[in-house]
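Here is the structure we will look at.
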Amino acid sequence: MTQDELAERTGITVRTIQRIEQGKVNPRSYSIKVIATALNVECGDLVDSSYSDNLEYSNGKRLWLPLVHLSGLFLLLIPTMIIWAYKRDEIYGMKEAGAEVINFQLTMLAVLIPSGLLAFTMITIPVCIFIGVFSTVVVIINTILAIAESPYRYPLTYHFIKP
């Protein structure tokens, strides 16, 4: 069966089928089911065991990864650390994402706390405002990227902990 024929039978675009076949994307469970039905095979025949083990976590990944990014919004370490500790071994990518968010929060706090303590000077007030706006924008952008399952980046981050 050609990719064009498979695309017609499944309703998935040819480009998506090509990207799945080349390993450029991880197909969603729905795509695997539709392709397996079109090919008259079992879903397990289409994926290796390591990927099929992760299929059950795909829904959790779509919820928890954006949530760990969003938990960095107010630079509160406790919610991020709880999510990271609880889900880092269960969800693919959580170990790295949680470590990145925690490192970003620690870096911003390392700058914000001394600036806040010196807030009586006119120079540190704009620094505090900039850090607040900067961290909010970075967290929101990375949460959106996590929802879209796109690569994310936390700039100006010192890596205190490793994933």
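Any read-out appearing in this document is the output of simple, stated calculations on the displayed coordinates, not a laboratory observation. Everything numeric in this text was worked out from a predicted model, so none of it was measured. Virtual Cβ from ideal backbone geometry, glycine too; neighbours counted across all protein chains shown.
Counted by neighbouring Cβ atoms within 10 Å, the residues S115, S71, S150, S29 run from fewest to most as S150, S29, S115, S71. Couplings for the stretch 130-147, taken from phi via the Karplus curve 6.51 cos²θ - 1.76 cosθ + 1.60 with θ = phi - 60°, read 4, 5, x, 5, 4, 5, 5, 5, 4, 5, 5, 4, 5, 5, 4, 5, 5, 4 Hz in order; Gly and Pro are left as x. The fewest-to-most ranking of K95, K24, K87 by surrounding Cβ atoms within 10 Å reads K24, K95, K87. Using 1/(1 + (r/R0)^6) with R0 = 41 angstrom and r between the beta carbons of T16 and A85, what's the FRET efficiency to the nearest 0.05? The calculated FRET efficiency here is 0.70. Estimate the FRET efficiency between S150 and I125 by the formula 1/(1 + (r/R0)^6), using the beta-carbon distance for r and 30 Å for R0, to the nearest 0.05. Approximately 0.30, to the nearest 0.05. Each Cα pair under 8 Å and six or more residues apart adds its sequence gap; the mean of these over the residue count of the stretch 58-147 is a relative contact order of 38 percent. Take the chain, connect every pair of alpha-carbon atoms lying under 10 Å apart with a spring to form a Gaussian network, then pick out the residue of Y30, Y86, Y152 with the largest mean-square fluctuation. For the chain, modelled as a Gaussian network with Cα springs under 10 Å, the answer is Y30. First select every other residue whose beta carbon is under 12 angstrom from the beta carbon of K162; then total the charges, Lys and Arg +1, Asp and Glu -1. The answer is -1. The stretch between I113 and I141 holds 7.7 nm of extra length on full extension. This uses 0.36 nm per residue minus the Cα-Cα distance. What separates the Cα centres of the stretch 102-142 and the stretch 1-17 is a distance of 49 Å. Panel values: the chain, Kirkwood radius from alpha carbon pairs, Stokes-Einstein at 10 °C and 1.306 mPa s, translational diffusion coefficient 87 µm²/s.
Its relative contact order, with pairs defined as Cα atoms under 8 Å and 6+ residues apart, puts the chain at 20 percent. Using a Gaussian network model of the chain in which every pair of alpha carbons under 10 angstrom is joined by a spring, one finds that among V14, V138, V68 the greatest mean-square fluctuation is at V14.
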